[in-house]
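Notes for the one structure printed next.
The values are calculated or read from the model by the stated rules, or taken from the named source; none is laboratory data. A quick note: this is a predicted structure, and the numbers were derived from the prediction, not measured. Please note: Cβ atoms are built from the backbone with ideal geometry, for glycine as well, and neighbour counts cover all protein chains shown. Only protein heavy atoms, including side chains, enter the accessible area calculation; ligands, DNA and RNA are left aside. Shrake-Rupley method; radii C 1.70, N 1.55, O 1.52, S 1.80 Å.
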Amino acid sequence: MRRIVALIILALTIVSLSACHNITEEVFTKDGFSITLTSEYREREYENYFVSYDSKNILVAVIKEPFSSFEGFGDYTLAQYADLMKLNCTKDNITPSDVTEKDGVTYFEYSFFNKDGVSYKYLTAMYKGDDAFWTVQFATTLSDYEGFKVQMLEFAKSVKVTK
């Protein structure tokens, strides 16, 4: 009888531990923007960002730049906007990669070393909506980047902008 009770307790423990690690996909939306991440992510507020989400390992920060920002901005192509974003990085002494288009995602990458000595790597994806350009920055530590790059690209592919 003790063996049966012990086996039942062991089985319940294994099931409950498995349930704690059940990570599912979750769609996050805000005012014309949506992205599919995982249930590990939480919405956060960071200054100068439209919306941000973070997990233990990856930060996702979104910028919305309305076409009304300056005359003719809506006439820019996504490639022209990507070049502007890349140029913006270089003014901060950052050397971004070439703009790449892969599986419908336009992006570039760069590394950033903060004043505390921590190195980060960014995958910056850009999108054109009906009334704005959107920039989604995925960031993780430089040492973790290669391990998360495929996942960040999958997240980038899930982005939808309607406004």
note = Scanning region 66-88 for residues that are within 30 Å of E26 (Cβ to Cβ) and crowded, with 18+ Cβ neighbours inside 10 Å, the one modelled with the lowest pLDDT turns out to be M85
inquiry  = Against the condition open to solvent by less than 30 Å² (accessible area, probe 1.4 Å), assigned to a strand (DSSP E or B) and in contact with a strand residue (DSSP E or B) (Cβ under 7 Å, 6 or more places away or on another chain), how does S111 come out, does it pass?
reply    = no
query = So which of D31, D116 ends up being open to solvent by 80 Å² or more (accessible area, probe 1.4 Å) and without any contact (Cβ under 8 Å) to a residue 60 or more places away in the chain?
reply = D116
task = Kindly provide the set of residues from region 41-65 that are open to solvent by 90 Å² or more (accessible area, probe 1.4 Å) and in contact with a strand residue (DSSP E or B) (Cβ under 9 Å, 6 or more places away or on another chain), ordered by number.
result = R42, E43, R44, E45, Y46, N48
remark   = When restricted to Y53, Y46, Y81, Y122, the only residue within 21 Å of F33 (Cβ to Cβ), out of contact with any Pro (no Cβ under 6 Å at 6 or more places or on another chain), free of Cβ contacts under 8 Å to residues at least 60 places away in the same chain and part of a loop (DSSP other than H, G, I, E, B) is Y46
note = The lone condition S55 fails out of (1) out of contact with any helix residue (DSSP H, G or I) (no Cβ under 6 Å at 6 or more places or on another chain); (2) closer than 14 Å to A156 by Cα is (2)
ask   = Looking at region 134-158, which of the residues that are among the aromatic types (F, W, Y) and part of a strand (DSSP E or B) is farthest from G104 (Cα to Cα)?
value = F138
